[in-house]
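This report refers to the structure that appears directly beneath it.
The values are calculated or read from the model by the stated rules, or taken from the named source; none is laboratory data. Source: prediction; values computed, not measured. Please note: Cβ atoms are built from the backbone with ideal geometry, for glycine as well, and neighbour counts cover all protein chains shown. With ligands, DNA and RNA removed, areas are computed over all heavy atoms of the protein, side chains included. Shrake-Rupley method; radii C 1.70, N 1.55, O 1.52, S 1.80 Å.
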Amino acid sequence: RLIDGGAKPLAGRRAVVTSGPTHEPIDPVRYIANRSSGRQGHAIAAALTRLGADVTLVSGPVTLPDPPGVNVVRVERAEEMLQAVLSALPADIAVMVAAVADWRAAAPNAEKIKKQPGEGPPPLMLTENPDILKTVGHHADRPKIVVGFAAETQDVEKNGRVKLKKKGADLIVANDVSPETGIMGGTRNSVKLITEAGITAWPDLSKDEVAGRLAGWIAERLT
Ligand code: CTP
Ligand code: CA
């Protein structure tokens with residue numbers, strides 16, 4: 001045990017965490033984004049740091065302060081987030097918490113798109129963004145522990161199990177983010193841990209508590 005009272009089971013380990021939304025430009029003043037406060041991802045970066053890990057937090061636009069002791073890389077778009085995550089490899093741990101926009105504008109406009117009286121709204125062509133978790137889960141330099149999240153509004157367990165496989169993750173932290181749960185934008189979270197071995201439901205906890213327990217789960221599997 002160290003002087004600050006904490007055991008450091010992740011000392012010498014490298015981790016990369018994504019957090020927040022991505023913003024995909026339509027033109028210089030408009031963008032496509034997901035809802036995400038970044039609270040859960042930032043809390044996980046902080047919790048891994050407290051256990052001694054050397055953490056790179058790749059964050060989309062959020063209003064949160066940088067967690068102390070964490071190397072924060074700020075990005076806007078999914079493609080930038082992917083590049084920043086790949087630059088952080090090799091790592092022992094990857095926890096992909098960001099709410100990445102699934103699509104971006106196929107051809108963002110260099111100038112602000114103006115309303116054209118009488119012409120109606122402009123068409124918006126979309127193209128698919130890279131899947132950062134899936135890329136990391138199947139990477140030649142794959143971290144030993146790869147964790148993804150699954151924010152669902154229905155069939156949480158089934159969708160979580162499908163994502164575990166498809167993404168090449170060791171763990172999917174799944175939660176029901178239906179508006180009535182208050183999880184989106186809130187400080188609490190109610191999650192299910194989905195692994196090959198089965199499903200474990202955690203009680204309703206603060207996002208900081210989920211982060212602390214998750215960091216502990218990771219440390220147990222690495223040591
Ligand atoms: N994710 C990612 N890159 C993407 C999309 C998702 O890294 N382009 C990650 C998220 O950070 C999360 C996990 O994949 O850890 C699941 O994200 P989710 O949006 O639930 O899954 P999708 O595969 O995008 O499926 P869908 O949105 O259709 O449910
Ligand atoms: Ca998605």
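For this structure, a couple of remarks:
- Selection count where residues are within 19 Å of P9 (Cα to Cα), open to solvent by 10 Å² or more (accessible area, probe 1.4 Å) and assigned to a strand (DSSP E or B), scope the range 30-70: 2
- Considering T153, T181, the condition of being among the hydroxyl-bearing types (S, T, Y) and more than 18 Å from the chain's Cα centre (by Cα) is satisfied by T181 alone.
- Test: residue in the range 105-118 that is part of a strand (DSSP E or B) and within 22 Å of Q40 (Cα to Cα): no
- Residue within the range 103-116 that is within 16 Å of ligand 2 (Cβ to nearest atom), closer than 25 Å to H23 by Cβ and open to solvent by less than 50 Å² (accessible area, probe 1.4 Å) present: no
- Qualifying residue in the range 105-124 (condition: in contact (Cβ under 8 Å) with a residue 24 or more places away in the chain, of a type outside the set (D, E) and within 16 Å of ligand 1 (Cβ to nearest atom)): yes
- Residues of the range 1-29 satisfying the condition of being open to solvent by less than 10 Å² (accessible area, probe 1.4 Å), assigned to a loop (DSSP other than H, G, I, E, B) and out of contact with any His (no Cβ under 9 Å at 6 or more places or on another chain): L10, T22
- Of residues in the range 159-177 being without any contact (Cβ under 8 Å) to a residue 24 or more places away in the chain and farther than 24 Å from R188 by Cβ, the one farthest from ligand 2 (Cβ to nearest atom): K165
- Qualifying residue in the range 152-166 (condition: in contact with a helix residue (DSSP H, G or I) (Cβ under 7 Å, 6 or more places away or on another chain) and not charged (D, E, K, R)): no
- Unmet criterion (only one of (1) loosely packed, with under 14 Cβ neighbours inside 10 Å; (2) under 17 Å from the mean Cα position of the chain (by Cα)) for D176: (1)
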